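Notes for the one structure printed next.
The values are calculated or read from the model by the stated rules, or taken from the named source; none is laboratory data. Please read all numbers here as calculations on a predicted model, not as lab measurements. Note: ideal-geometry Cβ built from the backbone for every residue, glycine included; neighbour counts use all protein chains shown. Accessible surface areas use protein heavy atoms only, side chains included; no ligands, DNA or RNA. Shrake-Rupley method; radii C 1.70, N 1.55, O 1.52, S 1.80 Å.
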Amino acid sequence: MDAVQHGRWRGSRWRAPLLALALYALLVVVMTWPMAPRLNTHLFGRGSDAWSHFWIFWWVKDSLVQWHSPFFTDLLYYPAGVPLYTQNIAWANIGLWLVLQLFMGELAAYNVAFMLVYWLNAAAMFFLIRELVREDGRVAAYASWAAFVGGLIYGFWPYIQRHSFHPNLSLTVAIPLALLFLHRLLKNGRTPDALLAGLFIALIGITRWQLLIMAAILLGAFVLYEFVVSRAARSWRMVGQLALAGAFAGLLMLPFAAPVAVYQLTRDHPEDIFLDEQYDTQTDLLAYVLPSHAHPLWGEAMTPFYDVMPENFSYTPFIGFVTLLLALWGLAQGWPHTRFWLLAALLFFVLALGPELQVNGRLYPAVPMPYSLFENNPLIRLLRNPDRFNVLLGMPVAVLAAFGVADLLRRLRWRPVLVVGALSLLILFEYSEYPFPSQDTAVSPFYTALADEPGDFGIVELPIQPRGADKQHMFYQTGHRKPIVGGHISRIPREAYDFISQNALLNSLVTTEQVDPAISDVSRQLRDMADAGFRYLVIDNLEIPPAYKESMQAWLTIEPVYEDERVVVYRTAPESGRDFQITQPLTTAVGLIYSGFIPPAQTQAAEFTVDVRWGATAVPGKAYDVCFDWLDADGRSAQQTCAPLSPSWPTANWGANEVVKTTHDLAASPYLPGGTYTLTLSLRDQASGLPDGQPAVIGRLPVQPQPREFALPTPETETAVQWADAIRLLGFDLDQGENTLDLTVYWQALARMDADYTVFVHLLDANGQLVAQNDARPRRSAYPTAWWEAGEVVADTIALDLTAVPPGAYTLTIGLYELATGERATAVAPDQPAFPNNEVPLATVVR
């Protein structure tokens, strides 16, 4: 039987690995298509984290070139800056990128480095699996073929593919290599293997500290297993070699770990290192058999299943049907060589399920989960997301599947290239996503020009906080190199928000994602930014909701200095004549930029709001009131309302080039005659009380008379009670239902009044205890007494709910009080004694 039939590549011992590595490289290009032709225009992967990872690559390079610490930057959270000790710095990936970017652009190098992640993972698993399968004499001849499939499974493991924007969670090449040399060490006890194991253990930590925590579980379990099953491993010499590996790993990691450890031990609020998301990011059991919703063929059919799962299930843990069958076959046929890998698979499977069992989006908290035994362990809490254990689940699954491939080749005795080729195509088909996700890196020309603008200054970009926009702004910064007010790092220290929280505008945008309407001092808020070193405020059109953008632009009032489909840019130091125009001068220093009101017509006493944008061309030097006049057809003021122009920032404190936004709630007098009025605005010197400057017309205001009734009614029951010599109760109607009591009262205004009365209606039991009540201004507050004309009759129906009132006889009473003071109006009636508590009995109600 020839070598090919036995599954051995002809030639040197390196021919099989080299051919496997070449095929993996080709498959990387295919599986990530169309990334290859987009290397210089798109960013690898999906999700916002890709932007911030590119930034950290760029920042580390900059720190090396400029000889400054990579652990602090003032380019983010400017002007104070922010420490980066807790930032997720992908040191290993960055090292690879630094080499690649010597031969290509930074963006292309980042993309190639990420594509190499899949190739390196596949290659490392190939070498580990080949050695493991060779130890099973039954299938040793097929080790390279089996290793190729196992490497392919792990290289394109769906969970890692879906983390295409987390470079150092995806790069796990060092874990299988650490396992490989630990395996050799525990067999032979050689010092070179100990040093190589230590090297790759260190590389795991340098890649990502969270990865080291997960890998430590796998490596520790592997060593413990070997101690149990192998007598040769149980020796003091072997313990010493393992200690050597650990010490060497620690020594290599020390320069990277020591600054982080010192910072964590000395920082304020060290508890902030923990982000407990364990109950939101467990793996749904059903997801293991659900192909990705990005699959080109059946992805759409999977979407309804993923929609009911937590957001983190964009990271599909799909095992693959072919892979699962191969793994089960390999487990059975490769025993006992597969024993440890079964234990490892079960371990990471149950850990990935998290603290609560979840199936198809439904939680089963009554089912005990092993993860809950460790969820309070600080190291486990550092991982944040239980579903990340799926990264390592792929390793034992790939090993088990490789044993299954080897046994199939042994039994079928077909040409291995056909069997392996068919299995590989089926696996890759199940794992495929097309098109592979990438993000366009085009930027606004503003950012390109910003890079060439001289001076040391920063920019404020909106939105500040939402995850995604802040990271994309970091990517833009790699081109323009100007500091930004926000950004995103892992475990952001609280003090990073000091400047944002001290600026009322920015603080409101962060906490509520909209401008606080109480903030009126537009130019002062902008000037705070300018004084802190920010030259521009930039609205990101692509990341900000349209309503948010419109409200922000309306608040800003000033004209943008630049605008395109991507951004709108404003200066933080606006100037009159350049950034805003006075359309109606009022005094030599203050004028209107804009004024308007809604609605265009109103009835008497109805409230409306006037929106005014003020501009100061010079220092006002005075505190002003703003006065609104309703001018009749003859130009005479029929009504005037005055109030401080800007109570929170008086005009006496304004400087030149101020922009202020104020709103004024107005209402025509309820007695203003109907007609069309000219609404004007003018300024009054608070000190002298005299007008200053010229009035400005802000619009025409039609005023419609309130519909009023003066005819006397014919109530079922007449009364003659009066309150405060201003209101008379002419009578009332009573309509009692099963659980309701409707009281219709007929009031008559004896004179105009300034008082705004609330009507109370009480239902009292025989002991005078209140059992039901209704307190409200007339007509459910729609027609207050201060609007009533002398002689006007006002009918008002008041409802009482009797549902909770037991059967019996009750007294229905009525009265008036002023809401501001709670003081009841005096009630009197001809030839009747005073009413106790000014509460007038109306009728007896029987239930």
Inset, instruction - Please determine, by comparing only the residues of the stretch 292-328 that are surrounded by 18 or more Cβ atoms within 10 Å (Cβ to Cβ) and in contact with a Gly (Cβ under 7 Å, 6 or more places away or on another chain), which one is modelled with the lowest pLDDT. - result: 309
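Can you list the strands (runs of 3 or more DSSP E) found entirely within the stretch 605-676 that contain at least 2 residues being within 18 Å of residue 556 (Cα to Cα)?
On the way: elements: 607-616, 624-631, 637-644, 658-667.
Qualifying strands (runs of 3 or more DSSP E): 607-616, 658-667.
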Inset, instruction - Quickly run through the stretch 279-291 and pick out the residues that are crowded, with 22+ Cβ neighbours inside 10 Å and within 15 Å of residue 365 (Cα to Cα). - result: 282, 283, 284
Legend entry - Filter result (open to solvent by less than 10 Å² (accessible area, probe 1.4 Å) and either within 25 Å of residue 374 (Cβ to Cβ) or of a type in the set (Val, Ile, Thr) (or both)) within the stretch 329-339: 338
Legend entry - Checklist (1) among the charged types (D, E, K, R); (2) in contact with a Phe, Trp or Tyr (Cβ under 7 Å, 6 or more places away or on another chain); (3) under 24 Å from residue 333 (Cβ atoms) applied to residue 387, failing item: (3)
Legend entry - Meets criteria (in contact with a strand residue (DSSP E or B) (Cβ under 6 Å, 6 or more places away or on another chain) and open to solvent by 40 Å² or more (accessible area, probe 1.4 Å)) for residue 103: no
Inset, instruction - May I ask you to list the residues in the stretch 616-652 that are within 20 Å of residue 516 (Cβ to Cβ) and within 39 Å of the chain's Cα centre (by Cα)? - result: 645, 646, 647, 648, 649, 650
Legend entry - Qualifying positions in the stretch 171-220 - of a type in the set (Gly, Ala, Ser), surrounded by fewer than 23 Cβ atoms within 10 Å (Cβ to Cβ) and part of a helix (DSSP H, G or I): 216, 220
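Within the bounds of the stretch 720-736, is there any residue that is open to solvent by 60 Å² or more (accessible area, probe 1.4 Å) and over 30 Å from residue 639 (Cβ atoms)? Spell out how you get there, then give the answer.
Narrowing the stretch 720-736 to residues open to solvent by 60 Å² or more (accessible area, probe 1.4 Å): 725, 728, 735-736.
Imposing the further condition that a residue be over 30 Å from residue 639 (Cβ atoms) reduces the set to 735-736.
Yes, that holds for at least one residue.
Just one of 118, 78 is in contact with a Gly (Cβ under 6 Å, 6 or more places away or on another chain), modelled with pLDDT of 95 or more and not in a helix (DSSP H, G or I); which is it?
Details: 118 fails: not in a helix (DSSP H, G or I).
The match here is 78.
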Inset, instruction - Determine which single condition residue 647 fails, assuming it passes every other condition in (1) open to solvent by less than 70 Å² (accessible area, probe 1.4 Å); (2) within 24 Å of residue 576 (Cα to Cα); (3) not aliphatic (A, V, I, L, M). - result: (1)
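Look through 395, 474 and report the one residue that is open to solvent by less than 20 Å² (accessible area, probe 1.4 Å), of a type in the set (A, V, I, L, M) and under 30 Å from residue 499 (Cβ atoms).
Details: 395 fails: under 30 Å from residue 499 (Cβ atoms).
Residue meeting the stated conditions: 474.
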Legend entry - Long-range neighbours under 7 Å by Cβ, at least six apart or interchain, first residue in a loop (DSSP other than H, G, I, E, B) within the stretch 229-251, second open to solvent by less than 70 Å² (accessible area, probe 1.4 Å) and of a type in the set (A, V, I, L, M, F, W, C): 230/186; 233/186; 233/227; 234/227
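Identify the residue in the stretch 756-776 that is closer than 19 Å to residue 826 by Cβ and not β-branched (Val, Ile, Thr) and, among all such residues, is least open to solvent (accessible area, probe 1.4 Å).
Taking the stretch 756-776 and keeping what is closer than 19 Å to residue 826 by Cβ, we get 756-762, 775.
If we keep only those that are not β-branched (Val, Ile, Thr) too, we end up with 756-757, 760, 762, 775.
Numbers: 756: 52, 757: 19, 760: 2, 762: 21, 775: 65 Å².
This residue is 760.
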Inset, instruction - Determine if the stretch 413-432 includes at least one residue that is at pLDDT below 95, open to solvent by less than 10 Å² (accessible area, probe 1.4 Å) and not hydroxyl-bearing (Ser, Thr, Tyr). - result: yes
Legend entry - Residue in the stretch 374-392 that is surrounded by the fewest Cβ atoms within 10 Å (Cβ to Cβ), counting only those that are of a type in the set (Lys, Arg) and within 19 Å of residue 316 (Cβ to Cβ): 384
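Out of 758, 797, which single residue is over 20 Å from residue 711 (Cβ atoms) and of a type in the set (S, T, N, Q)? Can you show your working first?
On the way: 797 fails: over 20 Å from residue 711 (Cβ atoms).
Step by step, each of 758, 797 is checked, and only 758 is over 20 Å from residue 711 (Cβ atoms) and of a type in the set (S, T, N, Q).
Tell me the residue from 441, 448 that is open to solvent by 30 Å² or more (accessible area, probe 1.4 Å), touching a residue at least 24 places away in the same chain (Cβ under 8 Å) and touching a His at 6+ places or on another chain (Cβ under 8 Å), please. It would help to see each step written out before you state the result.
Working: 441 fails: open to solvent by 30 Å² or more (accessible area, probe 1.4 Å).
Sole residue among the options that is open to solvent by 30 Å² or more (accessible area, probe 1.4 Å), touching a residue at least 24 places away in the same chain (Cβ under 8 Å) and touching a His at 6+ places or on another chain (Cβ under 8 Å): 448.
Kindly establish whether residue 720 is within 28 Å of residue 790 (Cβ to Cβ), among the aliphatic types (A, V, I, L, M) and touching a Phe, Trp or Tyr at 6+ places or on another chain (Cβ under 6 Å). Show your work before the answer.
Numbers: within 28 Å of residue 790 (Cβ to Cβ): yes; among the aliphatic types (A, V, I, L, M): yes; touching a Phe, Trp or Tyr at 6+ places or on another chain (Cβ under 6 Å): no.
Spelling it out, it is not the case that residue 720 is within 28 Å of residue 790 (Cβ to Cβ), among the aliphatic types (A, V, I, L, M) and touching a Phe, Trp or Tyr at 6+ places or on another chain (Cβ under 6 Å).
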Inset, instruction - Can you give me the number of residues within the stretch 230-266 that are modelled with pLDDT of 90 or more and either charged (D, E, K, R) or closer than 30 Å to residue 309 by Cβ (or both)? - result: 1
Legend entry - Cross-chain or 6+ apart pairs with Cβ under 6 Å, the stretch 829-841 first and under 18 Å from residue 717 (Cα atoms) and surrounded by fewer than 13 Cβ atoms within 10 Å (Cβ to Cβ), then modelled with pLDDT of 95 or more and among the polar types (S, T, N, Q): none
Inset, instruction - Would you mind telling me which numbered condition in (1) hydrophobic (A, V, I, L, M, F, W, C); (2) in contact with a strand residue (DSSP E or B) (Cβ under 6 Å, 6 or more places away or on another chain); (3) modelled with pLDDT under 95; (4) under 18 Å from residue 697 (Cα atoms) residue 612 fails? - result: (3)
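Criterion first (open to solvent by 10 Å² or more (accessible area, probe 1.4 Å), modelled with pLDDT under 95 and out of contact with any Ser or Thr (no Cβ under 7 Å at 6 or more places or on another chain)) does residue 48 satisfy it? Quick ask: steps written out before the conclusion?
Numbers: open to solvent by 10 Å² or more (accessible area, probe 1.4 Å): yes; modelled with pLDDT under 95: yes; out of contact with any Ser or Thr (no Cβ under 7 Å at 6 or more places or on another chain): yes.
Against the criterion (open to solvent by 10 Å² or more (accessible area, probe 1.4 Å), modelled with pLDDT under 95 and out of contact with any Ser or Thr (no Cβ under 7 Å at 6 or more places or on another chain)), residue 48 qualifies.
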Inset, instruction - Restrict the check to the stretch 597-613 and report whether at least one residue is open to solvent by less than 40 Å² (accessible area, probe 1.4 Å), over 18 Å from residue 644 (Cα atoms) and either touching a helix residue (DSSP H, G or I) at 6+ places or on another chain (Cβ under 8 Å) or among the acidic types (Asp, Glu) (or both). - result: yes
Inset, instruction - Provide a single number: the residues in the stretch 555-588 that are open to solvent by less than 10 Å² (accessible area, probe 1.4 Å) and either farther than 25 Å from residue 508 by Cα or hydroxyl-bearing (Ser, Thr, Tyr) (or both). - result: 3
Inset, instruction - Output yes when any residue across the stretch 411-420 is in contact (Cβ under 8 Å) with a residue 12 or more places away in the chain and either among the acidic types (Asp, Glu) or in contact with a Gly (Cβ under 7 Å, 6 or more places away or on another chain) (or both), and no when none is. - result: yes
Legend entry - Hey, residue 360 in contact (Cβ under 8 Å) with a residue 60 or more places away in the chain, under 30 Å from residue 404 (Cβ atoms) and open to solvent by 30 Å² or more (accessible area, probe 1.4 Å) or not: yes
Inset, instruction - Please identify the pairs in which a residue from the stretch 617-628 that is modelled with pLDDT of 95 or more has its Cβ atom under 6 Å from the Cβ atom of a residue that is of a type in the set (Ser, Thr, Tyr), counting only partners at least 6 apart or on another chain. - result: 617/576; 620/651; 623/651; 624/651; 627/682; 628/641
